[in-house]
1. If GLN48 meets every condition in (1) assigned to a loop (DSSP other than H, G, I, E, B); (2) modelled with pLDDT of 75 or more apart from one, which number is that one?
2. Report every pair of residues separated by at least 6 positions or lying on different chains whose Cβ atoms are under 7 Å apart, first residue within segment 71-87 and in contact (Cβ under 8 Å) with a residue 60 or more places away in the chain, second among the small types (Gly, Ala, Ser) and in a helix (DSSP H, G or I).
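The values are calculated or read from the model by the stated rules, or taken from the named source; none is laboratory data. In this text the structure is predicted, and so the values were computed from the model without any measurement. Cβ placement follows ideal geometry from the backbone for every residue including glycine, while neighbour counts extend to all protein chains displayed.
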Amino acid sequence: MGMKDKAGKMQGQTKQKTPEGRQQAPQRGQQPPQSGQQTQQRGQQAAQHTQQRGQQAQERGRQMTERGRQNMDDVEQEMQDRFDQDYDA
């Protein structure tokens, strides 16, 4: 079989498949409409997720605040120690 014959055969197959693809294409994009219950469940899940994220952010904020206080206490203690060393010597 020559190259031209092979190319012609493949082209013929492509032409046959093209109308089939055009018929199936609209079906692929169609989705059954969601029921109100499914939509409501998704909304509730999203609300719960958002609430959890807010709680996590608050907890991180508390941790950062506590860490900041601890750092301030450490810095004050370090300054006091240096002061005592400088003037006790």
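1. (1)
2. Qualifying pairs under 7 Å: none.
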